[in-house]
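What follows is a set of notes on a single structure, which appears directly below.
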Ligand SMILES: [Zn+2]
């Protein structure tokens, strides 16, 4: 089935972004700056602590690396220094344009994304260096080898 992507026009994104940025500080939405939120995975119970680098809207549920959902369960006033804290940030206009349509809509509605999801030249180079690492391919089993031999004979 064909999937249609309706790409928002850049000028429209630019206008809405400027308007959102100019009104967000006076907007009556919750300001989480200076607090720390705990997200817990329902599946693997991994935890993630986040804080707000900007004022904005954050999701109640985020995706865990295991594929499960992490739910916001607690809010703290402070956390010990040794804990890794992820930051909710407002991407710049340039960074916003590089996100998916759904994320762009979220940003234009005052939404924030985790710093790890924001495109930066360094995150791109990290991604590229990871792509260069060859995938481990396990050696073929005897059965697989026979199957390949049979298939190559068929082609002849
Ligand atoms: Zn998980």
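The values are calculated or read from the model by the stated rules, or taken from the named source; none is laboratory data. Remember, it's a predicted structure, so these values are computed and weren't measured experimentally. Note: ideal-geometry Cβ built from the backbone for every residue, glycine included; neighbour counts use all protein chains shown.
Any idea which residue in segment 60-72 is farthest from residue 28 (Cα to Cα), counting only those that are part of a loop (DSSP other than H, G, I, E, B) and in contact with a strand residue (DSSP E or B) (Cβ under 8 Å, 6 or more places away or on another chain)?
Our first condition is that a residue be part of a loop (DSSP other than H, G, I, E, B); within segment 60-72, this holds for 60, 64-68.
Cutting the leftovers down to in contact with a strand residue (DSSP E or B) (Cβ under 8 Å, 6 or more places away or on another chain) gives us 60, 64, 66, 68.
Details: 60: 18, 64: 30, 66: 35, 68: 32 Å.
Ranking the qualifying residues of segment 60-72, first place goes to 66.
A quick yes/no check of all residues on (1) assigned to a loop (DSSP other than H, G, I, E, B); (2) at pLDDT 90 or above:
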position	(1), (2)
106	no, yes
139	yes, no
143	no, no
152	no, no
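Of everything in segment 42-61, what is within 11 Å of the ligand (Cβ to nearest atom) and under 26 Å from residue 23 (Cα atoms)? Give them in sequence order.
First pass over segment 42-61, keeping only residues within 11 Å of the ligand (Cβ to nearest atom): 42-48.
Scanning segment 42-61 gives no hits.
For residue 81, state whether it is modelled with pLDDT of 95 or more and either farther than 30 Å from residue 22 by Cα or outside any strand (DSSP E or B) (or both).
Judged against the criteria, residue 81 is not a match.
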